[in-house]
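What follows is a short report on a single structure.
The values are calculated or read from the model by the stated rules, or taken from the named source; none is laboratory data. This one's a predicted model, so the numbers in the text were calculated from it and none came from an experiment. Cβ placement follows ideal geometry from the backbone for every residue including glycine, while neighbour counts extend to all protein chains displayed. Only protein heavy atoms, including side chains, enter the accessible area calculation; ligands, DNA and RNA are left aside. Shrake-Rupley method; radii C 1.70, N 1.55, O 1.52, S 1.80 Å.
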2 protein chains.
Amino acid sequence: MSNTEVLPLLEPEAPQAVAPCCPPLTERPLSAEEAERTARMFKALADPVRLRLFSAVASYAGGEACVCDISDVGVSQPTVSHHLKKLREAGLLTSERRGTWVYYRVDPAVLAAMGRLLSTDSAA
Amino acid sequence: MSNTEVLPLLEPEAPQAVAPCCPPLTERPLSAEEAERTARMFKALADPVRLRLFSAVASYAGGEACVCDISDVGVSQPTVSHHLKKLREAGLLTSERRGTWVYYRVDPAVLAAMGRLLSTDSAA
């Protein structure tokens, strides 16, 4: 809470969450539709700044972080907001405004689904 | 082995394997360098065709597949080869020529590292 600027949050929760999907990649070939959904999720994580923001939120004390807590990644605050929005649209983060602040959180179910996708349970 | 065409494999194993890297995203914020490496890995998986090929190789009997076994994803064989090369360059697949065929394999250590990255062990 080192910064008192408030960023506007124009949209409500992203409707097209994509992450909780699909069997482990080692289980069977993905269908075209499964691959589309999963690729969107990986695309959201395929950017270094987004990954740093995502890990900053995911590892923050209490599992959620205010945008002012996680903007220390060497880019401007509008850029931070842009990337957080992309993560939200991909269903990887949820956000909630409480008072003057917007808090971001990683849905544990989403993270579990992503981990399952890459699990080796079905590997030889 | 329904196809007797042989695709050329011009390069040896990709030297810049990137996957076995970095703590779980929930453990602490990634450093800039860790985020760069991890983003490259996710970028390689951020394409539906590559994901289908990756899951086809990863789930194939015996853990490896000939290019002729996995080209049933609705794109041309040169496109398949292009995507397999990208996956190889990202360190997600290894390849080996045996006789006239090139076999692709997912390194279990790579998959385990990816799964660890998305594990929730450190999550609250």
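See the values below:
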read-out	value
By average C-beta atoms within 10 angstrom, highest first, the peptides A:78-85, B:83-90	B:83-90, A:78-85
10 Å Cβ neighbours from other chains, averaged over peptide B:67-76	1
Average beta-carbon neighbours from other chains, 10 Å sphere, peptide B:85-92	0
Accessible area buried at the A-B interface, both sides summed, 1.4 Å probe (Å², nearest 100)	2700
Per residue value of the accessible surface for region A:32-118 (all protein chains in place, 1.4 Å probe), Å²	39
Range of Cα positions in region B:32-118 per principal axis (Å), largest first	41, 24, 19
Calculated FRET value between B:R28 and A:T100, using beta carbons and R₀ = 35 Å, to 0.05	0.80
Region A:32-118: relative contact order as a whole-number percent, Cα under 8 Å and 6+ apart	29
Label 7 Å beyond Cα on the Cβ vector: B:G62 copy-to-copy distances, nm	5.6
